[in-house]
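Novice: Okay, here's the structure, questions in a sec.
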Amino acid sequence: MSARSEGALDWNALAHRALATASLYDVLRGAAGASRAGAARSSRAGAAGASPTLAYARASELASVRDADLVVTVDAPALDAASFVAAREAIAPGGIVALLIASTSAAGLLAAGVGHAAHASAADRPDAFALAAAWARVAARAPLAPAASASRIRELASLASASGLTLVEPDIPHVRAQPKAAVDRAVLATVAFGATARALLFVPEGRAPKGGVVRLREERVLDFWIEGRSTAAAARPSSLPEAALAELAACARPIRGKDLLREARARYADAARQAGVQVTASSTDGPLVARELVTAWRDGAVELWAADPATPLAARPPG
Amino acid sequence: MFAYDDVPYDTEANAETHPSTIATLARLSGLRPAAPRTARVLEIGCGNGENLIAAATYLPRARFVGFDLAASAIAAGVAAATASGTSNVELFAADVSDVRAAGTKERAPGGFDYVVAHGMYSWVPRDVRADLLAVMRDALGPGGVGFVSVNALPGWELRRALRELARDATRDLEDPAARVAEALRIIEELARAGEGASGFRGALAAAAREYVAHVARATPPEAPFARYVFHDLLADVNEPFSVAGLGEDLARAGLRIVCEAPLFPSRAGAFDGLAADLARTGAPFLQVLVQRDDGELAAAPDASAAAELDLWADLTPAPGGGFRTTTGALVRPVGETGLARATRHAPGFVAVRDLADDDDARRELARQLFAAACEGVLTLVTERPGCATTPRERPCVAAHVRVRAGAAVERGAPSGVVTNALHRSFRVPWSELAVVLAMDGARTVPEIAAEATRRAAEAPSSLAGPLTGASTRDVQRFVDAVVDRFTRHLFLVEEDAT
């Protein structure tokens, strides 16, 4: 996908992140419909059509946007109360605001070029920094948004709330007790997962689910385009999800979710046959693989696109 | 209320900041630092002064000055120095900006030979950092060497994530102990949830485990809670620095980096620079020696310079062969290597030049011993400390050590920390502290045993251990072993300084 140039934002990649997240959270409404994923259209091109209308805008540009289903923005320059008011007015009825952020630590590690220096492999010396270096080698290929600290995330959520926009967040995997408030989840998910471009989604408060908690529609991943970022993979996968990740590692470019499922089944069946075991397809295969892919996405190991990654989502507004 | 008055910081002696350690590194870097025995030492942010008092008790002709904003810590330090009669230490409460304004020339007209700012720079606001370096520059005499420690990038980024989450989770808590407890709970949960994970989650989990272990080492058993966490991860200010960033700050203040401290094993081989080394190792903490920018330019630490130094081989013969270091590592010198030759003098001091017959052999030996010193197997010194290294009829442990031992014994602590002439600290059990307390230069070893036994009879048996319930012979054997160990580990002074 687009190379990241020093100091420049890859708006297209950020918008794709926002769209994939919005689809998984099932929060896009209105002209796009909740379940459609497809090529978005620029707000400058007009609002009619079945695809979500998308606009990119920094803080000072938000006031010039109207009727967008999805407004994509960043916290650089810093957003303020007026920014969120403008964002609220920029979205169409059913629309959402997506604020892309990175964690401070993740941004710091990548800015320092960690992962480029020669390191002992994580297997030889699995200390924290060696693991971080292995992560950075993969994450360096991902889009990077401006960083926001935990306290800044709370500020942003508060500013948004004051303008009638509610932060929505899903459950966080692997934790024993789910934080109750959406902003608590946002902080934990951003900082603990080393987010490089995580979409904070805001919906008009009247549409927000209780407590801002949304349920992830993992199964939608099978309609997405998926690309693996890590080349490490099990030579003989011992499960279907493992086979899916191995297939991604072997693919040179993004693959549709349904195609991935098919290829993963074949790879797994082959590995199982070599081990003297017979496996058959099951209706649970899809959900199983989908869950694994979403987990891998949250860990930064795969990239997800709700729309064809080969097609830019929208032109950036001038200014 | 200043945080360090509200929650005392558990300051202990730090071997890396001792003038002998600094002098050795400076010599290896081609400088000619002042002799530690008669040095003038300033510590900025000295806390309770323990780092200075522990050094001063073995260097009676050196002069030590320290200041800190925490008045309660300074008061505790003054009391400790008074109790042990350590008169060559001056401690005062002050703001670093006031010290900058007043200057340091009154206290040391010719300048200080060593200026230490350990655990300060990353934890104070920007304006205080500028004052700190200005004081250091002003205080350092020609040829003086400074010591600065900071949280280091890029390795500290993982701790930044821990700090963000810990501070976020405790933002509504007031009580320091409660904040620390919740912070540690969050960190331990991160370690658990990310166990075995790949990606950033796995790295953060590993960092969480490392930090929990680090906190355990830094927290005395008798501390009411991990105060280290309160003053580190939860501190209002905690800024990391890249080598370049620190270098820029130093340059603005008229200072520059001499070398990092201590020497790490990587220094024994090809070294591609401090910044590259940190990027490769990810060390989250950096200690450096600094000098005035108008001083003689330092070179990179050179192994061959070890030929001019003495070495201290604190190695104990291990039952199955080889030697144990003070950290418990086992070394097995082979043949006629430098280490093998050094161990023939263990434990003891020997001049490196005396271990080889000609210049070529001496250079090769120096290289081997430098590598061993980088591994922490032995210690290189510019001068031997003023302590007794052989048994005495009436052994005398340094006064401050006896005061510390006495304090721990009186309060019934199961153990206490004592520091030797090389500024190495050891945590020893109550029973050994009771013996140390009696080693005052006035008693023979049997009399030491009698005094320790008397004290043990008044203490719970859980503390007194080998001093109670055993035969007289067993007690004497125990006391003999303690006296021997404290002699060998450089705790004895030539005579009682009090």
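Novice: Scan region B:143-169 for residues that are more than 14 Å from every other protein chain (Cβ to nearest Cβ) and surrounded by fewer than 24 Cβ atoms within 10 Å (Cβ to Cβ) and jot them down.
Specialist: B:143, B:149
Novice: With the condition kept exactly as written, say whether any residue in region A:212-229 is within 14 Å of chain B (Cβ to nearest Cβ), within 20 Å of the chain's Cα centre (by Cα), closer than 28 Å to residue B:208 by Cβ and in a helix (DSSP H, G or I).
Specialist: Among the residues of region A:212-229, not one is within 14 Å of chain B (Cβ to nearest Cβ), within 20 Å of the chain's Cα centre (by Cα), closer than 28 Å to residue B:208 by Cβ and in a helix (DSSP H, G or I), which makes the answer no.
Novice: Among (1) more than 30 Å from residue B:157 (Cα to Cα); (2) within 14 Å of chain A (Cβ to nearest Cβ), where does residue B:346 come up short?
Specialist: Looking at each condition in turn, residue B:346 falls short on (2).
Novice: Return the total of residues in region B:390-435 being hydroxyl-bearing (Ser, Thr, Tyr) and assigned to a strand (DSSP E or B).
Specialist: So the count comes out to 3.
Novice: Now, a different point. Looking at the structure I just gave you, is residue B:449 within 22 Å of residue B:391 (Cα to Cα) and either surrounded by 19 or more Cβ atoms within 10 Å (Cβ to Cβ) or touching a strand residue (DSSP E or B) at 6+ places or on another chain (Cβ under 7 Å) (or both)?
Specialist: Against the criterion (within 22 Å of residue B:391 (Cα to Cα) and either surrounded by 19 or more Cβ atoms within 10 Å (Cβ to Cβ) or touching a strand residue (DSSP E or B) at 6+ places or on another chain (Cβ under 7 Å) (or both)), residue B:449 qualifies.
Novice: Same structure, new question: Looking for whichever is in contact with a strand residue (DSSP E or B) (Cβ under 8 Å, 6 or more places away or on another chain) and modelled with pLDDT under 95 here; the options are A:144, A:156, A:245, A:167. Which one fits?
Specialist: Unique residue meeting the criteria: A:245.
Novice: Of everything in region A:283-301, what is closer than 13 Å to residue A:228 by Cα and among the basic types (Lys, Arg)? Give them in sequence order.
Specialist: If the condition is that a residue be closer than 13 Å to residue A:228 by Cα and among the basic types (Lys, Arg), then A:298 is the only one that fits.
Novice: Determine whether residue B:179 is surrounded by 18 or more Cβ atoms within 10 Å (Cβ to Cβ), more than 14 Å from chain A (Cβ to nearest Cβ) and not β-branched (Val, Ile, Thr).
Specialist: So residue B:179 passes the test.
Novice: Which of the residues belonging to region B:365-376 are touching a residue at least 60 places away in the same chain (Cβ under 8 Å) and surrounded by 22 or more Cβ atoms within 10 Å (Cβ to Cβ)?
Specialist: Hits for region B:365-376 are B:366, B:369, B:370, B:373.
Novice: Kindly check whether there is at least one residue in region B:363-375 that is of a type outside the set (Ser, Thr, Tyr) and in contact with a His (Cβ under 7 Å, 6 or more places away or on another chain).
Specialist: no
Novice: Let me spell it out: the conditions are (1) among the hydrophobic types (A, V, I, L, M, F, W, C); (2) surrounded by fewer than 24 Cβ atoms within 10 Å (Cβ to Cβ); (3) under 19 Å from the mean Cα position of the chain (by Cα), and residue B:7 meets all of them except one. Which number is the exception?
Specialist: Condition not satisfied by residue B:7: (3).
Novice: When you look at residue A:130, is it within 12 Å of chain B (Cβ to nearest Cβ), over 24 Å from residue B:192 (Cα atoms) and at pLDDT below 95, yes or no?
Specialist: Working: within 12 Å of chain B (Cβ to nearest Cβ): yes; over 24 Å from residue B:192 (Cα atoms): no; at pLDDT below 95: yes.
No; evaluated as a whole, the condition is false for this residue.
Novice: I would also like to ask the following. Scan (1) within 14 Å of another protein chain (Cβ to nearest Cβ); (2) modelled with pLDDT under 90 for the single condition residue A:114 breaks and write down its number.
Specialist: Unmet for residue A:114, out of (1) within 14 Å of another protein chain (Cβ to nearest Cβ); (2) modelled with pLDDT under 90: (2).
Novice: While we're on this one: Check off (1) touching a strand residue (DSSP E or B) at 6+ places or on another chain (Cβ under 9 Å); (2) over 22 Å from residue B:482 (Cα atoms) for residue B:357 and give me the number that stays unchecked.
Specialist: Residue B:357 satisfies all of (1) touching a strand residue (DSSP E or B) at 6+ places or on another chain (Cβ under 9 Å); (2) over 22 Å from residue B:482 (Cα atoms) except (1).
Novice: To continue, here is another question. Looking at region B:182-204, which of its residues are within 9 Å of chain A (Cβ to nearest Cβ), charged (D, E, K, R) and touching a residue at least 12 places away in the same chain (Cβ under 8 Å)?
Specialist: The one that is within 9 Å of chain A (Cβ to nearest Cβ), charged (D, E, K, R) and touching a residue at least 12 places away in the same chain (Cβ under 8 Å): B:192.
Novice: Regarding region A:63-85, can at least one residue be identified that is in contact with a Leu (Cβ under 8 Å, 6 or more places away or on another chain), closer than 12 Å to residue A:202 by Cβ and among the charged types (D, E, K, R)?
Specialist: No - not one qualifying residue is present in region A:63-85.
Novice: Under 8 Å between Cβ atoms, at least 6 apart or on separate chains: pull out the pairs that start in region B:225-241 with a residue that is buried (at least 22 other Cβ atoms within 10 Å of the Cβ) and end on any residue that is assigned to a strand (DSSP E or B) and small (Gly, Ala, Ser).
Specialist: B:240/B:152
Novice: Right, another one. Looking at the structure I just gave you, is residue B:305 touching a residue at least 60 places away in the same chain (Cβ under 8 Å) and within 14 Å of another protein chain (Cβ to nearest Cβ)? Write out each step before concluding.
Specialist: Working: touching a residue at least 60 places away in the same chain (Cβ under 8 Å): yes; within 14 Å of another protein chain (Cβ to nearest Cβ): no.
Considered against the rule, which asks whether it is touching a residue at least 60 places away in the same chain (Cβ under 8 Å) and within 14 Å of another protein chain (Cβ to nearest Cβ), residue B:305 comes out as no.
Novice: Scan A:134, A:128, A:182, A:192 and give me the residue that is buried (at least 17 other Cβ atoms within 10 Å of the Cβ), without any contact (Cβ under 8 Å) to a residue 40 or more places away in the chain, more than 28 Å from residue A:83 (Cα to Cα) and touching a Leu at 6+ places or on another chain (Cβ under 8 Å).
Specialist: A:128
Novice: Something else about it: From B:277, B:314, grab the single residue that is farther than 30 Å from residue A:105 by Cβ, at pLDDT below 90 and surrounded by 14 or more Cβ atoms within 10 Å (Cβ to Cβ).
Specialist: Within the list B:277, B:314, the selection yields B:314.
Novice: Identify the single condition in (1) at pLDDT below 95; (2) under 24 Å from residue B:256 (Cβ atoms); (3) surrounded by 20 or more Cβ atoms within 10 Å (Cβ to Cβ); (4) not hydroxyl-bearing (Ser, Thr, Tyr) that residue B:194 does not satisfy, given that it satisfies every other one.
Specialist: All conditions pass for residue B:194, except number (2).
Novice: Can you report the number of residues in region A:82-113 which are in a loop (DSSP other than H, G, I, E, B) and either buried (at least 24 other Cβ atoms within 10 Å of the Cβ) or touching a strand residue (DSSP E or B) at 6+ places or on another chain (Cβ under 9 Å) (or both)?
Specialist: Matching residues across region A:82-113 total 1.
Novice: Let me ask something else. Let me confirm something: among B:229, B:212, which residue is within 14 Å of another protein chain (Cβ to nearest Cβ), more than 18 Å from residue B:116 (Cα to Cα) and among the β-branched types (Val, Ile, Thr)?
Specialist: Of B:229, B:212, the one residue that is within 14 Å of another protein chain (Cβ to nearest Cβ), more than 18 Å from residue B:116 (Cα to Cα) and among the β-branched types (Val, Ile, Thr) is B:212.
Novice: Next question, about the same structure. Given the criteria at pLDDT 95 or above and at the interface with chain B (Cβ under 9 Å from one of its Cβ atoms), does residue A:103 qualify? Walk me through how you get there before you give the answer.
Specialist: Details: at pLDDT 95 or above: yes; at the interface with chain B (Cβ under 9 Å from one of its Cβ atoms): yes.
Criteria met by residue A:103.
The values are calculated or read from the model by the stated rules, or taken from the named source; none is laboratory data. Everything numeric here is computed off the predicted structure, so don't read it as measured data. Please note: Cβ atoms are built from the backbone with ideal geometry, for glycine as well, and neighbour counts cover all protein chains shown.
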